[in-house]
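The values are calculated or read from the model by the stated rules, or taken from the named source; none is laboratory data. This is a predicted model, so every value here is computed, not measured. So basically every Cβ, Gly included, is an ideal-geometry build from the backbone, and we count neighbours across all protein chains shown. The protein model used for the area step is the full one, side chains on, heavy atoms only, and it has no ligands, DNA or RNA in it. Shrake-Rupley method; radii C 1.70, N 1.55, O 1.52, S 1.80 Å.
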Amino acid sequence: MTKAEIVAEIASKTGIEKVAVMATVEEFMYAIKNSLAAGENVYLRGFGSFIVKKRAEKTGRNISKNTTIIIPAHNIPAFKPAKTFVGDIKKSSSK
């Protein structure tokens, strides 16, 4: 499902114009990105958590040049679904 499809579905179910729904969805994503960039996790009860994971420094290999490189420590965004979210998905896939 694409962002445009999500916007269209929300607009059809709520009766709100697509332009307003698109602006809301864009602002929602912008708020999550900014929070994660600032190192703050975002918790949505019943849905899941957008978290910042810290990756430690590690040694990697460039196999084409047969050299070793150091990959510095860095942060990555991740999503952890809520237990109810996972339960709903498991129920729907077992049907």
Number of the exception - THR59 against (1) in contact with a Ser or Thr (Cβ under 9 Å, 6 or more places away or on another chain); (2) open to solvent by 90 Å² or more (accessible area, probe 1.4 Å); (3) at pLDDT 95 or above: (3)
Count of residues meeting criterion [surrounded by fewer than 10 Cβ atoms within 10 Å (Cβ to Cβ) and within 14 Å of the chain's Cα centre (by Cα)] in the range 69-83: 0
Test set (1) surrounded by 11 or more Cβ atoms within 10 Å (Cβ to Cβ); (2) touching a strand residue (DSSP E or B) at 6+ places or on another chain (Cβ under 7 Å) - VAL86 fails condition number: (2)
Among residues of the range 24-46, those that are open to solvent by 90 Å² or more (accessible area, probe 1.4 Å) and assigned to a loop (DSSP other than H, G, I, E, B), counted: 2
Checking VAL7 against (1) aliphatic (A, V, I, L, M); (2) more than 22 Å from the chain's Cα centre (by Cα); (3) surrounded by 12 or more Cβ atoms within 10 Å (Cβ to Cβ), the condition it does not meet: (2)
Single unsatisfied condition, ILE16 versus (1) farther than 17 Å from PHE85 by Cβ; (2) of a type in the set (A, V, I, L, M); (3) in a helix (DSSP H, G or I): (3)
